[in-house]
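Contents: one structure, followed by commentary.
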Amino acid sequence: MGPLRTPFQGVWNVVRFNWHFYAFALALAIALVVVWAVVPPAGRPYVLTALGGLLVTIAASLAASAYVYDYSNLYRLDWLPTAWPTQPRVLSISAGFDEISPTLQRKCAPADFLAVDFYDPARHTEVSIKRARRAYASFPGTQQVDTRGALPAPADSMDLIFAFLSAHEIRDADERAAFFRELKRVLKPDGCIVVTEHLRDPANFLAYSIGFLHFHSHRAWQATYRAAGLRVQQEIKITPLITAFILDKNGSTA
């Protein structure tokens, strides 16, 4: 079976789903060039500094996206723990854009595979998600769920739960903790939850400037796991910009 991702698919998706940011940056760059042409010579170094900073920010964002989404081993999943049964029960969680379930299903085959999507256009209003949904069809059989409700799975039924670059879309801390408590409910006693996320940390600030504010901090994630009664069994730096938390249900809700 051939690769499920095409060359530069990751960085291309970033650009086309967030083209309004790049259009604004291009317009601002053109405006700065015009300003440079009309200001007195003494002011031109300041304009060039602003223009250079803008261009470096754009270049850093695109380079980081290409590195993470196209050149790293993030989508190969060879960093994923493999200590599960021969035919595991797998739950894949997305938030409007599921680009990992086909790869995950192939990685875990043969598996009893369930994909769910908690995207709610009334609460998750990012235009980039809406564009992604128009560009990509949902994974076959995906079920719509609510982060405030029950998952369509019995208690203690899942060997592996995979939340790939999705759980950060739950912006409210209490709602996020409640959702992870529901994940704990459906997880088998010896199963694991894998959460992959960008963090609100210096590395992601250097890569995405103020865009890093869309991510949650390491401390916020730890608070979520504690509130849900989950334990961080392992923490993996897939790249300097992506962290995977391997969780089990042996934690305490205290």
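How big is the dipole moment of the range 106-201 about its Cα centre under a simple scheme where the beta carbon of each Lys and Arg is +1, that of each Asp and Glu is -1, and everything else is neutral? Debye, nearest 20, please.
Numbers: 15 positive and 15 negative charges, 67 e Å.
So the magnitude is around 320 debye.
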Nearest 0.05, what FRET efficiency do Asp146 and Asp112 give at R0 = 35 Å with Cβ-Cβ as r? 0.95
Checking the range 110-213 for trypsin sites (Lys or Arg not before Pro) in a loop per DSSP with at most 12 other beta-carbon atoms within 10 Å yields Arg171
Karplus (6.51, -1.76, 1.60) ³J(HN,Hα), θ = phi - 60°, over the range 82-99, in Hz, Gly and Pro reported as x: 10, 7, 9, x, 4, 10, x, 9, 10, 10, 10, 10, 10, 10, x, 9, 10, 10
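Which whole-number percent is the relative contact order of the chain (Cα, under 8 Å, 6+ apart)? List each step's numbers first, then the result.
Working: 392 pairs, mean separation 41.5, N = 254.
Contact order relative to length: 16 percent.
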Take the solvent-accessible surface of the protein heavy atoms, probe 1.4 Å, and return the percent of it on the range 1-111 that carbon and sulfur atoms account for. 71
In the range 1-158, with Lys and Arg counted as +1 and Asp and Glu as -1 at Cβ, which of these residues, Ala135, Leu104, Ser72, has the Cα nearest the positive end of the dipole, that is, farthest along it? Ala135
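For the range 12-99, what relative contact order do you get, as a whole percent, if you take Cα pairs closer than 8 Å and at least 6 residues apart?
Values: 22 pairs, mean separation 18.0, N = 88.
Relative contact order for the range 12-99 comes out at 21 percent.
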Roughly how many percent of the accessible protein surface of the range 118-238 is carbon and sulfur, given a 1.4 Å probe and a whole-percent answer? 55
Can you give the charge dipole size of the chain about its Cα centre, rounded to the nearest 20 debye, using +1 on the beta carbon of Lys and Arg and -1 on the beta carbon of Asp and Glu? 260
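Taking a probe of 1.4 Å, how large is the accessible area per residue of the chain, in Å²?
49
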Projected area averaged over orientations for the range 29-105, convex hull of C-alpha atoms, nm²: 8.0
What 222 nm value per residue comes from the helices of the chain, counting each DSSP H run with n ≥ 4 as -39,500 (n - 2.57) and dividing by all residues, nearest 500 deg cm²/dmol? -12500 deg cm²/dmol
Treating each Cα of the range 140-254 as an identical point scatterer and ignoring solvent, apply the Debye formula and state log10 I(q)/I(0) at q = 0.17, 0.18, 0.21 Å⁻¹. -0.83, -0.92, -1.20
Structure-derived Kirkwood radius over Cα pairs in Å - corresponding label in (1) 19.8; (2) 19.0; (3) 20.7: (1)
Taking only Cα atoms and a 10 Å spring cutoff, compute GNM fluctuations for the chain and point out the largest among Tyr67, Tyr22, Tyr208. Tyr22
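The values are calculated or read from the model by the stated rules, or taken from the named source; none is laboratory data. As the structure is a prediction and not an experimental result, all values here were calculated from the model. Here Cβ is always computed from backbone atoms with ideal geometry, including for glycine, and neighbour counts include all displayed protein chains. Note: accessible area is taken over every heavy atom of the protein model, side chains too, but ligands, DNA and RNA are not part of it. Shrake-Rupley method; radii C 1.70, N 1.55, O 1.52, S 1.80 Å.
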